[in-house]
Structures are given as structure tokens and as C-alpha cells.
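Accompanying notes for the structure given below.
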Amino acid sequence: MTEDDTWTLYFDGASNQKGCGIGVLLVSPNEEHIPISMKLDFDVTNNVVEYEACILELETVVALGIKKLRIYGDSSLIINQISKRWKMRSESLATYQAHLETLIEKLDEVEYTYLPREENQFADALAKLDLMVRIPRDTIRMLLTIEQRYEPTYVHALADKQDSQEEDKEP
């Protein structure tokens, strides 16, 4: 795969007594990060949540016209089944597997890698975010922006105040 046009995807699913959530992090070849988090409003097993997460990521990739992809996930079951290392033994997961294969056929190159959970933290956090926040039923989408700062906010306030004082002193 050529580095310049290969995208990277991290996926994870989470479920507990509060519900089920999906976390996907799409990373462009020039390191732009696109986080996707989705709450599932229906009951599913842990393995189905992982499949739902992987399918969400692949549907997004196909919709964006991406052709080269690296997929990372912390579900050894999903990674090994979609890469054909393990056979599908569950009838209930067979429809998910078939849908995944249909989506994968639309890509030119795909590489699958299992990641330990501690190395898939961002997708894991996105999946759990849905379980921590009560989203009103009629809300379809909530935007999330995550920024990084390298110095405290007061530094900018002090600089602005100092600039303002210097402007006041000028004749």
C-alpha cells in the first residue's frame, strides 16, 4: 500500500446496562482525525456491537470514496473473521459478516490488524461516550470537537491585556 493515499480506521463497540455504543476514528493520509460516535438504541450482544462498529466505519469509508484502508480493532473475533483467518460459526453473526464482505469488495486494498484494548483508547472512549451521556430521543446528531492546547488560557488573556495597555499609551 502506498502511504500517501491510505486511510486508517480504528473501531470499538461497548455495551453495558445503560446500552450500546460505537466508536470509530477515521484518520486521513495527512493525519486529519474524524471521530464518529454512535449510540445504538436496540439491544445486541458484545460481538454484534463490534460488528456494528466495523460496519459503520466501512459504510463511512465507502461513502467518502476511500479505496485504501488499514483497519484496527480490539475484537480478535471480528478482525480474524473479516480477514478470513477464522471461520464464521455463529448464525446470528453471519448476516453481519456478509454485509461486511459486500462493503469490503468496494475497496481496492484492505489490511486488518488486531490491537490490544490499551492501544485502541480513542475508539474505546468514543464507544463509551454514548453510554455516559443521556442523549434526548429526538436528537439525531450532536457535534463533538476535541482540541489540544499547549499553554494555559490565561497566557492569551494576559497577552491581550498587555497589547491593549500598550495601545492606550500610544499618542
* Asked: Looking at VAL44, VAL49, which is the one that is over 18 Å from VAL110 (Cα atoms) and assigned to a helix (DSSP H, G or I)?
  -> VAL49
* Being in contact with an Asp or Glu (Cβ under 8 Å, 6 or more places away or on another chain), among the charged types (D, E, K, R) and buried (at least 20 other Cβ atoms within 10 Å of the Cβ), is that true of even one residue in segment 34-45? -> no
* Asked: Counting just the residues of segment 19-41 that are at pLDDT 90 or above and polar (S, T, N, Q), which one comes out farthest from VAL110 (Cα to Cα)?
  -> ASN30
* How about segment 61-74: which of its residues are over 16 Å from GLU50 (Cβ atoms) and either surrounded by fewer than 20 Cβ atoms within 10 Å (Cβ to Cβ) or at pLDDT below 90 (or both)? -> VAL62, ALA63, LEU64, GLY65, LYS67, LYS68, ARG70
* Checking MET142 against (1) modelled with pLDDT of 70 or more; (2) surrounded by 10 or more Cβ atoms within 10 Å (Cβ to Cβ); (3) in a loop (DSSP other than H, G, I, E, B), which test does it fail? -> (1)
* Structure fact -> Quick count over segment 87-119, residues being assigned to a loop (DSSP other than H, G, I, E, B) and modelled with pLDDT of 85 or more, is 6
* Got a sec? Which of LEU77, LEU58 is hydrophobic (A, V, I, L, M, F, W, C) and modelled with pLDDT of 90 or more? -> LEU58
* Asked: In segment 72-86, how many are touching a helix residue (DSSP H, G or I) at 6+ places or on another chain (Cβ under 7 Å), under 19 Å from ALA123 (Cα atoms) and either of a type in the set (A, V, I, L, M, F, W, C) or part of a loop (DSSP other than H, G, I, E, B) (or both)?
  -> 5
* Within segment 56-71, which residues are within 9 Å of PHE11 (Cβ to Cβ) and of a type in the set (Val, Ile, Thr)? -> ILE71
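Identify all residues within segment 16-25 that are surrounded by fewer than 21 Cβ atoms within 10 Å (Cβ to Cβ) and assigned to a strand (DSSP E or B); write none if there are none.
ASN16, GLY19
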* Would you point out the residue of segment 27-40, among those that are outside any strand (DSSP E or B) and either free of Cβ contacts under 8 Å to residues at least 24 places away in the same chain or under 13 Å from the mean Cα position of the chain (by Cα) (or both), that is nearest to THR102 (Cα to Cα)? => SER28
* Condition test on MET132, is it of a type in the set (A, V, I, L, M, F, W, C), closer than 12 Å to ALA14 by Cα and surrounded by fewer than 17 Cβ atoms within 10 Å (Cβ to Cβ)? -> yes
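The values are calculated or read from the model by the stated rules, or taken from the named source; none is laboratory data. This one's a predicted model, so the numbers in the text were calculated from it and none came from an experiment. Don't worry about glycine lacking a Cβ; one is built from the backbone with ideal geometry, like all the others, and counts go over all protein chains shown.
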